[in-house]
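Scroll down for the structure; my scribbles are underneath it.
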Amino acid sequence: TSRRATMRNHTGTHLLHAALRQVLGDKVHQSGSAVDPERMRFDFNFPRALNSDELLQIEALVNRNIAEEYPVNKRVKTLDQARADGAMALFGEKYGTEVRTIEIADERGRVSYELCGGTHVGATGELGLFKLTSESAVAAGVRRVEAICGTQAEEYVNNQLLLISSLKEALKNPKDVLKAVENLQNENAELKKHLESLEARQLVGIRNELLTKDEIINGVTFIGDIVEVSNADALKKLCFDLKNRCLISFVFQSC
């Protein structure tokens, strides 16, 4: 149901926060979050973009803690007691004398311990698969990650695998897909250079031919002709080239 999905994503933000602090350092703190049945969004203080290795470590750590099926314990405590026990609180948030704590832990140890009044699952195993979907900047020194879990994550992975399969088929099923793409990129770059060289030679030929068609009209050198060039930039370059060689009034039509 929608509520169950929201519960999974809410617990997911706590696991994500813990993983971010473990991988990036305990100076990382939550700057904001949003949870709905479809996804989770988590903002945190950090001075730079996360690299691919860090994202993989974070994702793997969350999935490991999901697989361990840690119980999610909800308790009401006094604020002083919760802080003394090590519960994390949102900076700048105002709390009453009694607070609700969410502790993801068992005899093996504590994964996460935060003050939170939101809805949560009973154990981390209920989240199923966890998948990061994006990482971006929100403001100076603030990053944002978005993630999904459960059936949404499974669908996401299946769609990515389908995309890779389609790509392999389009590339004639190479053994190394990445190498095949790199080869295509290199071939495309070489073809582009070759085409640019041919176009440059073509423009020189067109320019030389046009210079033989100049005529004087009312004391002004004039060239009017239909020229065939590949794009507007080529036509502009041709005009400037001719202008540098003589004073001309241009009447060109490209095709």
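The values are calculated or read from the model by the stated rules, or taken from the named source; none is laboratory data. The structure presented is a predicted model; accordingly, all values stated were derived computationally and were not measured. Cβ: placed from backbone, ideal geometry, glycine included. Neighbour counts: every protein chain shown. Areas reflect the complete protein model, heavy atoms only, side chains present, ligands, DNA and RNA absent. Shrake-Rupley method; radii C 1.70, N 1.55, O 1.52, S 1.80 Å.
In percent, how large is the relative contact order of the chain, given Cα pairs closer than 8 Å and 6 or more residues apart?
Answer for the chain is 16 percent.
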For log10 I(q)/I(0) by the Debye sum over Cα atoms at q = 0.10, 0.11, 0.17 Å⁻¹, the choices are (1) -0.66, -0.72, -1.23; (2) -0.51, -0.61, -1.23; (3) -0.78, -0.82, -1.19; which was calculated from the structure? (1)
With every protein chain kept in place and a 1.4 Å probe, the chain has an accessible area per residue in Å² of 61
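Helix-derived [θ] at 222 nm for the chain: sum -39500 (n - 2.57) over DSSP H runs of at least 4, divide by residue count, nearest 500? Could you put the intermediate results ahead of the total?
Values: 6 runs with 114 residues, N = 255.
Only helices count here, giving -15500 deg cm²/dmol.
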Considering the options F222, V62, N183, tell which one lies farthest towards the positive end of the dipole of the chain, charges being +1 on Lys and Arg and -1 on Asp and Glu at the Cβ, about the Cα centre. V62
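Which entries of K94/K131; K193/K236; K131/K172; K192/K213; K179/K237 show an alpha-carbon separation above 25 angstrom in the structure shown? Working shown, then result.
On the way: K94/K131 32 Å; K193/K236 20 Å; K131/K172 29 Å; K192/K213 32 Å; K179/K237 37 Å.
Correct reply: K94/K131; K131/K172; K192/K213; K179/K237.
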Suppose we keep just the DSSP beta bridges with both residues in region 142-255; what percent of those would be antiparallel, to 5? 30
To the nearest 20 Debye, how big is the dipole of the chain about its Cα centre, given +1 on the beta carbon of each Lys and Arg and -1 on that of each Asp and Glu? 380
Give, as a single signed number, the net charge of other residues whose beta carbon lies under 14 Å from the beta carbon of N188, with Lys and Arg counted +1 and Asp and Glu -1. -2
With every protein chain in place, the accessible area of F240 for a 1.4 Å probe, in Å² rounded to the nearest 10, comes to 110
Cβ-based net charge around L235, under 14 Å, with every Lys or Arg adding one and every Asp or Glu removing one: -1
Carbon + sulfur, % of accessible area of the chain - ligands and nucleic acids excluded, 1.4 Å: 51
Mean Cα-pair separation over length for region 143-251, i.e. relative contact order, pairs under 8 Å, 6 or more apart, %: 18
What list of ³J(HN,Hα) couplings, whole Hz, do you get for region 28-36 from phi and the Karplus terms 6.51, -1.76, 1.60, once you set θ to phi - 60° and write x for glycine and proline? 5, 9, 5, 10, x, 7, 9, 9, 9
Local electrostatic count, G128, Cβ distance below 9 Å [Lys/Arg +1, Asp/Glu -1]: -1
